[in-house]
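The values are calculated or read from the model by the stated rules, or taken from the named source; none is laboratory data. Given the structure is predicted, the values throughout are model-derived calculations rather than measurements. We place every Cβ from the backbone using ideal geometry, glycine too, and count neighbours over all the protein chains shown.
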Amino acid sequence: MNSNNRQPAALLSLILLTFLATAMAGPAVVVEGQWIREAPPTSTVLAAYMVLKNTSDTPLAITRIDSPDFGNSQIHRTVVEDGIAKMLPVEKLQLSARGSETLEPGGLHLMLFDPLRALRDGDTVILVVHDDTGDSVTVQTPVLRNTEETGHAHHHH
């Protein structure tokens, strides 16, 4: 094989390795500290909280977070206008490059509507976080009654 034939082969190998490394890297979003606040058994709405981290060098947006355990879900932001707290839907949640957003009580949060089963303290729910690149991350999320203990004790991946 002469040197002219080796150059295209080496270039093809480099392109293939770059593609494989990118494909194997997986989704850029990491979910930490996720939990759902337990609600009365007759409640049709629960709230979920978490930290969403963008591990990539480019900005991205969370387009939705859903769950097979609920009929519907929406990301909301709590705002106070004229002394009255309101929840406003957030269409996309922007994450800067290497940035993060915290979904927490009184701020950004995930509203989960129409649970398909009764959820009690200690149960686990699946949440699926979708971003605008088409990737998604699935996480197991505990249902908790005692929300004061969620700070650092419940960081599941």
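Selection of first residues in the stretch 111-137 that are without any contact (Cβ under 8 Å) to a residue 24 or more places away in the chain and of second residues that are outside any loop (DSSP other than H, G, I, E, B) and surrounded by 15 or more Cβ atoms within 10 Å (Cβ to Cβ), restricted to Cβ pairs under 6 Å at least 6 apart or on distinct chains, gives the following pairs, ordered by first then second residue: 123/143; 124/142.
So which residues in the stretch 139-157 are modelled with pLDDT of 95 or more and surrounded by 13 or more Cβ atoms within 10 Å (Cβ to Cβ)? Scanning the stretch 139-157 gives 139, 141, 142, 143, 144.
Evaluating residue 94 against the criteria (1) at pLDDT below 95; (2) loosely packed, with under 14 Cβ neighbours inside 10 Å leaves one unmet condition, (1).
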